[in-house]
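Down below is the structure, laid out as C-alpha cells.
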Amino acid sequence: MRCPFCDIDKDKVIDSRATDGGRSIRRRRQCLSCNKRFTTYETVEEKVSLQVVKKDDSRVPYSKDKVIAGVEKAAYKRPVSVDQIVALAESVEEDLFRRGEKEIASTEIGLIVLNKLRTVDHVAYMRFASVYMDVDKVDDLLEEMQQVKDEAANAPPREQGKLF
Ligand SMILES: [Zn+2]
C-alpha cells in the first residue's frame with residue numbers, strides 16, 4: 001500500500017482486526033520509509049449490493065444505521081443499552097447477508113428484528129411490531145404476543161428465590 005505521507009510503496013502491518021461484525025478487516029500499517037502510521041480497510045465488494053424493497057415497491061440501499069435507529073426508537077426509555085441495540089443490528093445484518101440475496105423486503109427485515117427484539121425487551125418488541133409491520137401480519141403477531149405472554153406466565157416468579 002502506498003504511504004499517504006511520503007508515497008513510498010513499502011509498509012508493514014502492525015495490527016489487524018475484524019470490525020463491523022466481521023465483515024471488514026482494519027489494518028494498521030507503518031511506512032518503512034517515513035515510519036508514519038496509516039489505516040486501511042478491507043471489505044467484500046458485494047456487501048453494498050443489498051437492496052431493501054419497501055412497501056411501495058421502491059428500492060433503497062440496505063443500511064444498518066436505519067435498523068439501529070428503528071430499534072432505538074422502539075426501545076426509548078426502556079432498559080436497553082446502546083451496546084445491546086448495536087449487537088442486535090449486527091446479528092440481523094449477519095442473517096441478511098448469509099442469505100446471499102440481492103434484495104430483501106423491508107417487512108422481512110422487520111420480522112428478523114422482531115424475532116431478536118423479543119428476547120431483549122417485551123415493550124420495545126411490541127412498539128416495534130406496531131410501527132413497522134404490515135396490517136396483514138397482525139394475526140401472526142397476535143399469536144406471537146400470546147406466545148410471549150404464555151412464556152412469561154410459565155416463568156418462575158422472581159420473588160421465589162428470596163424465600164429460600
Ligand atoms: Zn511514508
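Regarding Lys66, is this residue free of Cβ contacts under 8 Å to residues at least 12 places away in the same chain and either acidic (Asp, Glu) or not in a loop (DSSP other than H, G, I, E, B) (or both)?
For Lys66, the condition - free of Cβ contacts under 8 Å to residues at least 12 places away in the same chain and either acidic (Asp, Glu) or not in a loop (DSSP other than H, G, I, E, B) (or both) - is met.
A quick yes/no check of all residues on (1) more than 25 Å from Arg98 (Cβ to Cβ); (2) of a type in the set (Ser, Thr, Tyr); (3) in contact (Cβ under 8 Å) with a residue 60 or more places away in the chain:
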| residue | (1), (2), (3) |
| --- | --- |
| Arg2 | yes, no, no |
| Ala18 | no, no, no |
| Arg23 | no, no, yes |
| Cys31 | yes, no, no |
| Thr40 | yes, yes, no |
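Helices (runs of 4 or more DSSP H) wholly in segment 74-164 with at least 1 residues that are modelled with pLDDT of 90 or more - which ones?
Correct list: 82-98, 106-117, 122-132.
Mind listing just one residue for me: the one in segment 30-81 that is loosely packed, with under 15 Cβ neighbours inside 10 Å, within 27 Å of Arg17 (Cα to Cα) and among the aliphatic types (A, V, I, L, M) and, of those, nearest to the ligand (Cβ to nearest atom)?
Per the criteria, the residue is Leu32.
Please work out which residue is nearest to Ser91 (Cα to Cα), limiting yourself to segment 1-20 and to residues that are in a strand (DSSP E or B) and under 33 Å from the mean Cα position of the chain (by Cα).
Ranking the candidates gives Thr19 first.
Take the residues of segment 73-113 that are in contact with a strand residue (DSSP E or B) (Cβ under 8 Å, 6 or more places away or on another chain) and of a type in the set (D, E, K, R): which is farthest from Ser49 (Cα to Cα)?
Checking each candidate, the answer is Glu103.
Name the residues in segment 11-27 that are within 14 Å of the ligand (Cβ to nearest atom) and surrounded by 12 or more Cβ atoms within 10 Å (Cβ to Cβ), would you?
Asp11
The values are calculated or read from the model by the stated rules, or taken from the named source; none is laboratory data. These figures come from a predicted structure and were not determined experimentally. No Cβ is skipped: glycine too gets one built from the backbone with ideal geometry, and neighbour counts run over all protein chains shown.
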